[in-house]
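Note sheet for the following structure.
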Amino acid sequence: MTLLEVDTLSVRYPGVTAVDGLTFAIDRGESLGLVGESGSGKTQTAMAIMGLLPADAEVSGDIRVDGRSLLSLAEAELNRVRALEISMVFQDPMQALNPFVRVGDQIARILLEHRLVTEDEAMPRVVDMLDRVGLPDPERQYRAYPHQLSGGMRQRAMIAAALATDPALLIADEPTTALDVTVQAQILDLLEELRDETALLLITHDLGVVAGHCERMLVLDKGARLEEGPTRSLFVSPGHPHTKTLIDAAPRLGSAQPPSPRTSETILAADRVDVIYPEDRLQAVHSADLVLKAGETLALVGESGSGKSSLVRAILGLVTPAGGDIEFNGAALPPDVRQRKPADRKRMSMVFQDPVGSLNPQMRVKDIVGEPIGSAKHASVSATLTRVGLDDSFRDRFPHQLSGGQAQRVAIARAIITQPEVLVCDEAVAALDGTVRQQIVNLLMSIQQDTGLAIIFIAHDLAIVEGLSHQVMVMYLGRPVEIASARDLFSRPGHPYTRALIDAVPEPDPLSDKYSFVRGETPSPIAPPLGCAFHPRCPHAIARCRVELPKPREVDNRMVACHRYEELRDESGSVTN
Ligand code: SF4
């Protein structure tokens, strides 16, 4: 039975059409994935359904819930339908949760406002809901403020708040984009479990997420519908070339390996580096070793709080390590960047995650790129812009006049203009759409091929690093737990945490039966668990793991830190799950 009908919906702003004559429907209990790149109109469609568009939006067409037109309902009735029948979960739960009110009280308020419970019934009902969405110790979480919960727990609390009124439809707008890959898998499983009761409109740019969790999908481009159909059929035979491009651009494991580096000379070595932030009483990195060869890409992967960024900041001299040594081309580097010679500083550059935010908004592209060499007029500015695929028409633009991909090309141009030997990319493609992300990855690989640049590539998503890395270092709570060649690590993960990260990557294949086994989230680095820090989440933990820290060991061409490495191999050499 049809629950939601969107009928020739258009959303226009002065000079811009955000949604263009869109028509679709969702049945009760069904899940529909709304997919497309940034700016394709996905969120504008959701906001129109929720009645949350800004005042200058001009809306036409119709939106019906159970046959009743929302656009012609009186305000009070409209609010009632929207509050009781449709709920929304956002990418950033802080946007929807009031930071000054306890989580449980916020959900209780929703129930009381709509007279769904009495004062006495409210708390037990909310505790029950927090339990249902998988929050551990729900009575305690009831009393927590939003900032006291981890990202994954906040997202669960927001799902509990969205489901408080038993809505017939849940709209989830990129609900897992800000989460670590293992937590993403848990939240998606939760949304799947809830599907029997509630229809789901899942908005995402990630085709892997749609493949595993939506029966049907609708592809949007420039505000208009490109095609719609059962997810399986569209994956097998997409009717539109753009759908095929989106499917092909979805990160998937098993992609091609990059060409071998030309030499095997070590360019950068970190030895037993510790990073401590005394003000936070936090040790972010514990005795980490790292070896980077010329012309090679070393990926650092792990969830938030794993210490990846802190380790590279120590290597770059941006934080002073509390211990350990860093060598560049065989010579010791002073720990603080201010003590390093200008020539040495130029040998390492960095590209950050937020392409537009990392560029000075008041500077033109030519000045941004020319700044490290002290001149925007220098011929190498034009040559470097050409190298990153931007023609001379970009020289005079400001960052806000660039798309995310163009801004990241400018950031790369700025980083390579000094001809560094090492480039650190800190989640440099995480904020980009699939096709643009692949273009930037290809650009980095071609610069590496031409110049022999060594790259440290920080990412939380294994599917992205597989195609470009030679070596991979997996970190957990400040310690490397496995280092291996990309080929070995992806085909035969040796550490249970590596296996968990690989299993959590959503597969852009509707027929995949991949199962993610790891539960819970990374514990706080302020109070890491004793013994092996992964033991509270590890399905293979034994008594020894709870008390004894596993030492990193060289075995089978890899470094691995697990007491049970030998016992846990299956016939292929991979750790069992
Ligand atoms: Fe799991 Fe124990 Fe290995 Fe840690 S040492 S990863 S808890 S089996």
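Restricting region 143-221 to GluC sites (Glu not before Pro) that sit in a DSSP loop and have at most 15 other Cβ atoms within 10 Å of their own Cβ leaves Glu197. Pairs spanning more than 26 Å between alpha-carbon atoms, out of Lys293/Lys514; Lys308/Lys366; Lys293/Lys341; Lys222/Lys514: Lys293/Lys514; Lys308/Lys366; Lys222/Lys514.
The listed peptides 85-98, 392-405, 419-432, ordered by packing as a protection proxy, come out as 419-432, 85-98, 392-405 (highest mean of other Cβ atoms within 10 Å first). Over all Cα atoms in region 40-183, the spread is summed up by Rg and Dmax: 16.0, 46 Å.
When you work out D = kT/(6 pi eta Rh) for the chain at 10 °C and 1.306 mPa s, using the Kirkwood radius from C-alpha pairs as Rh and the Stokes-Einstein form, the result is 62 µm²/s. Dipole size of the chain about its Cα centre, with +1 on Lys/Arg Cβ and -1 on Asp/Glu Cβ: approximately 1740 debye, rounded to the nearest 20. Relative to the compact-globule estimate of 2.2 N^0.38 Å, the Cα radius of gyration of region 408-475 comes out at 1.05. Tell me which of Phe100, Ser69, Thr522 sits at the most positive position along the dipole axis of the chain, charges placed on C-beta atoms (Lys, Arg +1; Asp, Glu -1). Selected residue: Thr522. Of the chymotrypsin sites (Phe, Trp or Tyr not before Pro) found in region 470-577, those that fall in a DSSP loop while having at most 12 other beta-carbon atoms within 10 Å are Tyr515. The residues Lys346, Lys377, sorted by heavy-atom accessible surface at 1.4 Å with ligands and nucleic acids left out, run Lys377, Lys346 from largest to smallest.
In the chain, the calculated helix contribution to ellipticity at 222 nm averages -9000 deg cm²/dmol per residue, counting -39,500 (n - 2.57) for every DSSP H run with n ≥ 4. Simple rule: put +1 on each Lys or Arg Cβ and -1 on each Asp or Glu Cβ in the chain, find the dipole, and look at Ala157, Val441, Leu207; the Cα lying farthest toward the positive end is Val441.
What translational diffusion coefficient, to the nearest whole µm²/s, does region 364-419 have by Stokes-Einstein, given a Kirkwood radius computed over alpha-carbon pairs, a temperature of 25 °C and 0.890 mPa s viscosity?
Using the Kirkwood radius from Cα pairs, D works out to 231 µm²/s.
Pairs of alpha carbons in region 294-342 separated by more than 13 Å make up 63% of all such pairs. Cross-link partners for Lys244 among the aspartates and glutamates, with Cα-Cα distance under 12 Å and sequence neighbours closer than 8 places in the same chain left out: Glu227.
Over all Cα atoms in region 101-166, the spread is summed up by Rg and Dmax: 10.6, 31 Å. Here region 300-432 is treated with +1 on each Lys and Arg Cβ and -1 on each Asp and Glu Cβ, and its dipole about the Cα centre works out to around 400 debye.
The values are calculated or read from the model by the stated rules, or taken from the named source; none is laboratory data. Computed from a prediction, not measured in an experiment: that's the story for all the values here. With ideal geometry, Cβ positions are generated from the backbone for all residues, glycine too; neighbour counts draw on all protein chains shown. Remember, those area values only see protein heavy atoms, side chains included, never the ligands or the DNA or RNA. Shrake-Rupley method; radii C 1.70, N 1.55, O 1.52, S 1.80 Å.
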